[in-house]
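Asker: Take a look at this one; I'll ask things after.
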Amino acid sequence: MRLSRYFLPLLKETPSEAQIVSHRFMLRAGMIRQEAAGIYAWLPLGFKVLGKIEQIVREEMNRAGAIEILMPTLQPSDLWKETGRYDAYGPEMLRITDRHERELVYGPTNEDMITEIFRAYVRSYKALPLNLYHTQWKFRDEIRPRFGVMRGREFLMKDAYSFDLDKEAARRSYNRMYVAYLRAFTRMGIVTIPMRAETGPIGGDLSHEFIVLADTGESEVFCHKDLLDMPVPGEDVDFDGDLEPIVRQRTALYAATSDVHDAARFEAEVPADKRVTARGIEVGQIFYFGTKYSVPMKAVVTGPDGKDVAVHGGSYGVGVSRLVGAIIEACHDEAGIVWPAPVAPFDIGLINLKKGDAKTDAAGEDLYARLTKAGRDVLYDDTDERPGAKFASMDLIGLPTQLVVGPRGLEKGMVEVKNRATGAKEEMTLEAAVNRFTS
Ligand code: 5CA
């Protein structure tokens, strides 16, 4: 992409309304625009990152055996009345009346609707286990939307729903999501810790929140230090096998959000030098709620013995849009964002230091063409801005690699490669640079 043809509305000033660093950088880097309190338009750079996060989550859901669908944002309120959540959910749920006076809700989550879909088609235990998921916009009329996309009113969530014959099987489904979440977040370049958590309006008695430690996090959390660098299962993990040992290795160590924290247990179980008390951002939460929805909605299957059984359910959410902010909270410096490569909006930022200089333009075009042809996603700054401004913008948007071509270097036949994360700079020939990023 040529920057001269792109839509990247960078802000020079730090927006005063942004209280935390991720919100500031997202506004300054032209990733989002607030349209109403807690409601954002995603501009090209932000939209690319959102798509990359969504895709990583999708790949790990599919690997774990979940099946993708798409449910609507608007739901008939009758479903919510059937489960009793219509009243229980309260003013956070946006209710809409259509021209026929029928009431709809803008979905804050989808347990009710997925249970309706399940009961319409599934009759036998032989179809189980089943896990269906989608990535869809949700609306929650939060009292205090804040911190940009971290606590929005409209936000993108991946939500998965599992159906099983009994509690043991449901536990296996829960474990598959637990491991898939660890893998997905690790692929995004962040460390998350699963912590025991309150279940709130979703219900049930087993839940973990996946937490990124960050000073700006909204939750207060407590955990064992060893959880911070525990290895995460690789691609070869067998989702059809027994995942309990992997889950138990983590759950054996204390980790809890403040809602369920037990100070006495924390002190008894965790040696003083291993106690971590910190703030964290919740990027995902998983729930096992048994028959909370299947009983009122009569989602039953015929079991192996011919008797009807209400299915055991779980739901599993990832805050896809919140992750964009959370990753920035974890990955930035004073100059801007430092994207982990798998979620970076472009692979390489190519800077032409002297637009209009024939030799520099030729080298820039050559690099741009060859890298792009090799499948690298390059943002080519071919504008006539000053070099200082170009460097600052590139640092702000945080692409993993910067490639700089200018008259002075080219005199010696050299271009410069900068690693955004380490700041390390290297001079090399244009051919060497092409080789480095195409092989
Ligand atoms: N139905 C369940 C699981 S599918 C559910 O809704 N869980 S949740 O309430 O915990 O939401 C799932 C994830 O969505 C959270 O972990 C969080 O990362 C994200 N999320 C929740 N509320 C917001 C919000 N207001 N703004 C941005 N992200 C949010």
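Asker: Hey, could you check segment 304-316 for residues that are in contact (Cβ under 8 Å) with a residue 24 or more places away in the chain and surrounded by fewer than 24 Cβ atoms within 10 Å (Cβ to Cβ) and say which is farthest from the ligand (Cβ to nearest atom)?
Answerer: Per the criteria, the residue is Pro304.
Asker: Cβ-Cβ under 6 Å, sequence separation 6+ or interchain: first residue in segment 54-80 and among the aliphatic types (A, V, I, L, M), partner open to solvent by 70 Å² or more (accessible area, probe 1.4 Å). Which pairs?
Answerer: Ile56/Arg187
Asker: Does Arg140 satisfy the criteria of being in the same structural domain as Ile202 (by TED's automatic domain parsing), within 14 Å of the ligand (Cβ to nearest atom), surrounded by 17 or more Cβ atoms within 10 Å (Cβ to Cβ) and free of Cβ contacts under 8 Å to residues at least 60 places away in the same chain?
Answerer: yes
Asker: Any residue at all in segment 317-327 that's of a type in the set (S, T, N, Q), within 15 Å of the ligand (Cβ to nearest atom) and not in a helix (DSSP H, G or I)?
Answerer: no
Asker: OK, next. Which is free of Cβ contacts under 8 Å to residues at least 40 places away in the same chain, of a type in the set (Lys, Arg) and over 23 Å from Arg146 (Cβ atoms), of Arg176, Arg275, Arg265, Arg187?
Answerer: Arg265
Asker: Does Thr360 satisfy the criteria of being within 14 Å of Leu3 (Cβ to Cβ), open to solvent by less than 60 Å² (accessible area, probe 1.4 Å), over 32 Å from the mean Cα position of the chain (by Cα) and not assigned by TED's automatic domain parsing to the domain that holds Leu213?
Answerer: no
Asker: Give all pairs with beta carbons closer than 9 Å in which a residue from segment 329-347 that is more than 19 Å from Glu54 (Cα to Cα) and crowded, with 17+ Cβ neighbours inside 10 Å meets a residue that is at pLDDT 95 or above and among the polar types (S, T, N, Q); count only pairs at least 6 apart in sequence or on separate chains.
Answerer: That search, which allows pairs on different chains as well, returns His332/Ser22; Gly336/Ser393; Ile337/Ser22.
Asker: Restricting attention to segment 421-439, which residues are without any contact (Cβ under 8 Å) to a residue 24 or more places away in the chain and not small (Gly, Ala, Ser)?
Answerer: Thr422, Lys425, Glu426, Glu427, Met428, Thr429, Glu431, Asn435, Arg436
Asker: Taking Phe222, is it part of a strand (DSSP E or B), away from the ligand (no atom under 16 Å from the Cβ) and either at pLDDT below 95 or open to solvent by less than 60 Å² (accessible area, probe 1.4 Å) (or both)?
Answerer: Criteria met by Phe222.
The values are calculated or read from the model by the stated rules, or taken from the named source; none is laboratory data. Owing to the predicted nature of the structure, the values given are computational and were not obtained by experimental measurement. Every residue, glycine among them, receives a Cβ derived from its backbone with ideal geometry; neighbour counts consider all protein chains shown. What goes into the accessible areas is simple: the full protein's heavy atoms, side chains included, and nothing from ligands, DNA or RNA. Shrake-Rupley method; radii C 1.70, N 1.55, O 1.52, S 1.80 Å.
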